[in-house]
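Everything on this sheet refers to the single structure shown next.
The values are calculated or read from the model by the stated rules, or taken from the named source; none is laboratory data. The model shown is predicted, which means the values in this text are computed figures rather than measured ones. We place every Cβ from the backbone using ideal geometry, glycine too, and count neighbours over all the protein chains shown. The area values use the complete protein model at the heavy-atom level, side chains included, leaving out ligands, DNA and RNA. Shrake-Rupley method; radii C 1.70, N 1.55, O 1.52, S 1.80 Å.
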Amino acid sequence: MPHPTRFALGLALASLFLVVACAQGGADPDGGPSPGNDSSTPGTDAQMPGTDGGGGGCPMTCPSGTVCRGTVCVAACSPDGACEGGRTCCEDACVNTDNSVTDCGECNNDCGLTGNVCAMGMCRCGAGDPCAPPQICCGGGCVDVLTDPANCGECGMRCGTGEECVDGVCVPPACDPACADGETCMEGTCMCGAGPSCTEGRACCDGTCVDTSSNGSHCGICGNACTGGLTCIGGTCTADVPCEPACGPGESCVAGSCQCGAGAPCGASQRCCDGLCADIQTDVGNCGACGRVCSGSEQCCSGLCVNTNTNPDHCGGCGRACNEDAADGCTDGRCTCDGGDECSPAGTCMCLPPPFSGCNGICF
């Protein structure tokens, strides 16, 4: 149906046109009644939509001896219902049913919006047949005012550049491809809230782009919130949450957090051994690995069990190395030169030359 506002505007314009027409030629040149609806000119005889077919639609008071029929003044029927010139008396008005668009072929057969011409008592649109709804006659041709952007809602109502006619109303152009759920099409562009459309893998929820694969308020789809301690993973609310990064050896993953036994995860140099964090670099009970125990005379140095009584690199303690210039061995946890005290920092522990056998160190 035409838009009410547009229809009212069209009616006002048509009424103005008829006022001028009646004022210039509302009666025959000889002073007789106006021939009224006998004109065969397309558009001049059509009863305007919304007017009473029996009278009241004329823009001015009709002269004596005439009545309003449709939108023009026509001769009135005689008291006995007779009309001159082969016209027919239709509700006190003499009309030519051969060419009257308000009484085409018979009284009250109004061509309406489907035709603009009555020819030989038949409604026509231009030179063709009358239009079939939802089409109406515009400019002598049938158009669908529900979809035609040049005649949207009514004849001559042209939509703006890029607009489309939808159900008789001009609307902005549609988006192609269609917008995703939650997004809106604004002048041919998809929008999420006040921002651009969402990128692949994200959805528009409450006007904001979110990653539904991990968002706890919109898990999988908008509005699906994870509750009861569940976490959104891969678009599903779950209690089985993997740990990232992966837990260390001996640790367990609980609700996305690594644990050693019932405690916190172990540090960088530690290893979870039997539910407890152990420093495998120094722990003699877990030296280098869980369960590797050093002997009673050994210490754990950098993850290796060593005898600090005899090892020159760890003599008397981890990392305490003997100076090779001042000592040639480690005895009872102290650096020595041929079993004696190591040489002073300025001295050098050297082997005796042949014929001495082996290396009998002596300080020089």
Residues to consider are C226, C209; find the one that is in contact with a Lys or Arg (Cβ under 8 Å, 6 or more places away or on another chain), without any contact (Cβ under 8 Å) to a residue 60 or more places away in the chain and either more than 30 Å from A255 (Cα to Cα) or of a type outside the set (V, I, T) (or both). C209
Of the candidates G248, G256, G234, G267, the one satisfying the condition of being open to solvent by 50 Å² or more (accessible area, probe 1.4 Å) and modelled with pLDDT under 90 is G234
Conditions (1) exposed (fewer than 15 other Cβ atoms within 10 Å of the Cβ); (2) hydrophobic (A, V, I, L, M, F, W, C); (3) within 30 Å of L304 (Cβ to Cβ) -> I280 fails only (1)
Check whether at least one residue in region 191-205 is over 11 Å from the mean Cα position of the chain (by Cα), exposed (fewer than 13 other Cβ atoms within 10 Å of the Cβ) and polar (S, T, N, Q), and report yes or no. no
For region 279-308, how many residues meet the condition of being assigned to a strand (DSSP E or B) and either acidic (D, E) or more than 26 Å from G333 (Cα to Cα) (or both)? 2
Could you say which residue among G126, G156, G182 is open to solvent by 40 Å² or more (accessible area, probe 1.4 Å) and under 30 Å from R69 (Cβ atoms)? G156
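Every residue, every condition in (1) touching a helix residue (DSSP H, G or I) at 6+ places or on another chain (Cβ under 8 Å); (2) in a strand (DSSP E or B); (3) of a type in the set (A, V, I, L, M); (4) modelled with pLDDT under 90, yes or no:
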residue	(1), (2), (3), (4)
L146	no, no, yes, no
M157	yes, no, yes, no
T161	no, no, no, yes
C170	no, yes, no, no
P173	no, no, no, yes
A180	no, no, yes, no
E200	no, no, no, yes
C209	no, yes, no, no
Between G65, G128, which is farther than 30 Å from T161 by Cα and more than 48 Å from the chain's Cα centre (by Cα)? G65
